[in-house]
Amino acid sequence: MRKIDELKNSLPDGADCAVISSDINRRYFTGMKSSAGTLLVFRDAAYLIIDFRYIEKAQKTVTDCDVILQGRLYEQLLELMKNHGAKTAAIESDTVTVSQLADMKKRLADVEIISDDRLSTVIKNMRIIKTADEIEKIKAAQLIAEKAFDEVLNFIKPGVTEKEIALTLDFYMLRNGAEALSFDTIALSGKNTSLPHGVPSDKKVCGGEFVLMDYGAVVDGYHSDMTRTVCVGSPSEKMTEIYNIVLKAQEESLNGAKSGMEAKQLDKIARDIIASAGYGENFGHSLGHGVGMEIHEAPNASPSSDEILRENMVVTVEPGIYIPDEFGVRIEDFIVIKHENSLNLTSCNKKLICI
Ligand SMILES: [Mn+2]
C-alpha cells in the first residue's frame, strides 16, 4: 500500500486530518526532498501545499496527493479543512516547535489542534518497519560506502592525517553517487580512537596505530552506517586481544538477532561478552540504533530500550571498547531483522586488517 494511503487509514481517533510539516516526514510520504511545504492528509484525500521554488518538480513527481501552489498557507489549510468538514487536526508532536504550535493555534483558531504524541507515534511505527523499496535504497547507500572503504585502504599509510582520511572517504562516497554523507565522517587514529565520536584532526597516522572510521552515505534520503577499525603496521598483543573481543561481541549479537526479541536483549549479548572479558566499563554506549531516513531513529538497541525487534526493522550492531589514552575499537554492521535471524547489509571484511 502507498505510504500516504496507510496514513489516511491510520489517522488517530478523533483527528479529522493530519498536518505534516517536518522535512523528513514530508519526504517520506511524497518521495520529494524540499526544505519547506505542508502535507495535509484527510481520510479520503491528501494535499501537498508547496511554494514556487518546488512547485514544478512537485507537480511532475508527487503522484500520491494533490499538489497546490502555496499562497497564504493558513487560509489554504482552513479552506481545505472546511471543504472536508474537518474540525480537528493532528500535528507532529516530536518536530513542531512551541512557537509553531502557538502560531497554528492562533491562525487555525476554528480547528482543534491535537498536539499529543499520537500522530508522531503512527508515523514512527510506519517508518520503523522498512519496505522492500526502502531496504533497496539503504543497500545502495551501503554499497557506495563499501566502495569508499576499499579505496581508503589504498590511501591509509603512515604520515596521512585523520582529516585526509575522512576527506578521502567523503570524496569517494560523493563521487560514487551518494547524494550526501550520513553524518560528519569520523576518522581517528592512535590514542584518538578511544573517543567514540572524536573529530578528525591534523594528527598524522603512525605505524602500530589503529585507524577507526565511522561513516555512511545517503541515497534517495536513506542512510547507511558502518564502522571499521584497521591497523597500520603491526598491532600490539593488547590491541589484537581487544579487537577480537569486540569482534566476538559483534558476531554473537549478529547471530542472535531475530524478530520477537527485545532490543535490550540484543544489546545484552554484546555487553555480556565484553563485560566477562573485563572491559564492561569501557563499553559506555548502546549497541545500536535504527537507520532509515534519519541516521539515528527507532528502534534503539540499548540496555534501557523497551522496544521489540520486528521483521524489516533496520538496526546497527556496533559494540566497542575504549581505553582512555591508549586506543579504542568499534566494529559496526547494520542488519535487517528477519523472522528467525537477520540479514547483514554490510559485507566488508571484519578480520583485523593490517595495512
Ligand atoms: Mn551507528
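Only the coordinates and a few stated rules stand behind these numbers; no lab work does. It should be emphasised that the depicted structure is a prediction, and the values quoted were computed from it without experimental measurement. Ideal geometry is used to build each Cβ from the backbone, glycine not excepted, and the neighbour counts take in all protein chains shown.
Laid out as a table, the results:
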item	result
Rounded tilt (10° steps) of 52-61 against the dominant C-alpha axis of the chain	80 degrees
Förster radius 41 Å - calculated FRET efficiency between residue 136 and residue 206, Cβ distance, rounded to 0.05	0.50
Most mobile listed residue (288, 177, 85) in the chain, GNM with C-alpha springs under 10 Å	85
Label zone at residue 258, where the point sits 7 Å out along the Cα-to-Cβ direction: region 307-326 residues whose backbone N lies under 14 Å	309-311
Estimated FRET transfer efficiency (residue 95, residue 74; beta-carbon r; R0 22 Å; 0.05)	0.75
For the chain, alpha-carbon Rg relative to the globular expectation (2.2 N^0.38 Å, N residues)	1.12
Qualifying chymotrypsin sites (Phe, Trp or Tyr not before Pro) in region 138-187, DSSP loop, other Cβ atoms within 10 Å at most 14	none
In degrees, nearest ten, helix 118-127 long axis to first principal axis of the chain (Cα)	50 degrees
With Cα atoms, 0 to 90° folded angle of helix 98-107 axis to the chain main axis	10 degrees
Where Cα atoms sit under 26 Å apart: lysine pairs in region 3-127 separated by 8 or more or lying on different chains	23
Largest-first ellipsoid semi-axes for region 7-128, taking √(5λ) over the Cα gyration tensor eigenvalues, angstrom	20, 17, 14
Region 55-104-region 280-355 distance, computed between alpha-carbon centres (Å)	37 Å
Within a Gaussian network of the chain (alpha carbon springs, distance under 10 Å), most fluctuating of 145, 298, 86	86
